[in-house]
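For reference, the structure is listed below as structure tokens.
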Amino acid sequence: MRVAFFLVLFVPAVFGNFLEDFHGKFSDISQATEAELVYLRNYNGALIKEFNRELLLQFGRMVPAMRAADVEFVQVMTDYENVSEECLEYLLEVRDFLVRMQNDDIRSCAEWSWRALKEDSLGRFFPYHNSFARDNLAAVSQVMETLGRNRLVQDPERVRVELEGELEYYENLNGGQVELLWKEIVAHADMADETYQYLDECREMTKLMQSFDHEYMMDLLENDCYE
């Protein structure tokens, strides 16, 4: 009530449109910053979606390839002529066990990859974004907050200087916020590259282990389980 009283009776005589101009400037900064935060937030979300999509595609190529190799090898075993029924039955049991091990290998690749991207998507951009969004909201009411801390009529010049300083602070803060958030977005790519590289290595190792499994079973098959 006291601030409103000052604004009605004293502001026109002392400042004219001074406070109104400052309020407009703070509002403009806030609106511009909010627009940039929305853009960066959407861009960040689209980038994370793209990383996740690529991860799905990687597994979409990996799993069918290994399944096809397994089907082909089972066909080789069942078509093999010089093997006893007992040995073939045993080999199919061994195959079932090794396939479960291969599935565990694939699951390990997936769990590490998803965990890495999840931690990156949640921990890299949004902690800064959320803090900046709170700071930006404060800019809208900064004129009234400053008036609440100072005696407008007794020392109007002090109010002017403080508002000019706070306006400069928010302008600099806006530039620093945007620059930092862009750095956070760019850093997503580094983490994605690291994750994809790990996934490639994990996939190749899983395929190699499958080939070792097939070699082991083929040796048993060709020797009729060493009966």
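Every number here is computed from the coordinates shown, using simple stated rules; none is lab data. It should be emphasised that the depicted structure is a prediction, and the values quoted were computed from it without experimental measurement. Note that we place each Cβ from the backbone using ideal geometry, even for glycine, and neighbour counts take in every protein chain shown.
Filtering segment 158-174 to residues that are within 12 Å of PHE22 (Cα to Cα) and among the acidic types (Asp, Glu) leaves GLU162, GLU164, GLU166, GLU168. The residues of segment 183-227 that are of a type in the set (A, V, I, L, M, F, W, C), within 29 Å of TYR43 (Cα to Cα) and either in contact with a strand residue (DSSP E or B) (Cβ under 9 Å, 6 or more places away or on another chain) or exposed (fewer than 14 other Cβ atoms within 10 Å of the Cβ) (or both), listed by number, are VAL186, ALA187, ALA189. Selection of first residues in segment 37-64 that are more than 23 Å from ASN130 (Cα to Cα) and of second residues that are assigned to a helix (DSSP H, G or I), restricted to Cβ pairs under 6 Å at least 6 apart or on distinct chains, gives the following pairs, ordered by first then second residue: LEU55/SER113; GLN58/LEU199; MET62/ARG203. State all residues of segment 67-94 that are hydroxyl-bearing (Ser, Thr, Tyr) and either exposed (fewer than 11 other Cβ atoms within 10 Å of the Cβ) or free of Cβ contacts under 8 Å to residues at least 40 places away in the same chain (or both); if no residue qualifies, say none. Residue satisfying the conditions is THR78 alone.
Out of all the residues in segment 42-51, which are surrounded by fewer than 16 Cβ atoms within 10 Å (Cβ to Cβ) and either in contact with a helix residue (DSSP H, G or I) (Cβ under 7 Å, 6 or more places away or on another chain) or not in a helix (DSSP H, G or I) (or both)?
Within segment 42-51, TYR43 is the sole residue that qualifies.
Pairing each residue of segment 170-184 that is within 18 Å of LYS25 (Cα to Cα) with any residue that is charged (D, E, K, R), provided the two are 6+ apart or on different chains, yields C-beta distances under 7 Å for LEU173/ASP135. Listed conditions (1) of a type in the set (Val, Ile, Thr); (2) in contact (Cβ under 8 Å) with a residue 40 or more places away in the chain; (3) more than 30 Å from TYR170 (Cβ to Cβ) are all met by THR33, apart from (3). Evaluated against (1) surrounded by 15 or more Cβ atoms within 10 Å (Cβ to Cβ); (2) without any contact (Cβ under 8 Å) to a residue 12 or more places away in the chain, GLU20 falls short on exactly one condition, (1).
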